[in-house]
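The values are calculated or read from the model by the stated rules, or taken from the named source; none is laboratory data. What you see is a predicted model; the values in this text were computed from it and never measured. Quick reminder, even Gly has a Cβ in these numbers, built from the backbone with ideal geometry, and neighbours come from all protein chains shown. For accessibility, only protein heavy atoms count, side chains too; no ligands or nucleic acids. Shrake-Rupley method; radii C 1.70, N 1.55, O 1.52, S 1.80 Å.
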Amino acid sequence: MKPNPGLLPPEAIGKRVRVPLVNGEEHDWPADGKGGASWACTGHPFDIASYEVL
């Protein structure tokens, strides 16, 4: 897993990612597009902590 860079990582464009959130939940989401992940680091417990391209 790589730390969330705060913006869409180039290697994740058009792919799905596995993301543990700051609050401990883990999800598989599209990295971008409709329904895609929000990469912003806002200090919220639902921020992405790290990611893995699937």
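Brief remarks on what is shown
- For segment 2-23, taking the residues that are touching a residue at least 40 places away in the same chain (Cβ under 8 Å) and in a loop (DSSP other than H, G, I, E, B), the one that is farthest from the chain's Cα centre (by Cα) is identified as Pro9.
- Residue list for segment 24-49, filter: surrounded by fewer than 16 Cβ atoms within 10 Å (Cβ to Cβ) and not in a loop (DSSP other than H, G, I, E, B): Glu26, His27, Asp28, Pro30
- Cβ-Cβ under 6 Å pairs, at least 6 apart or on other chains, segment 29-51 side closer than 13 Å to Leu8 by Cα and at pLDDT 95 or above, far side open to solvent by less than 30 Å² (accessible area, probe 1.4 Å) and among the charged types (D, E, K, R): Cys41/Asp47
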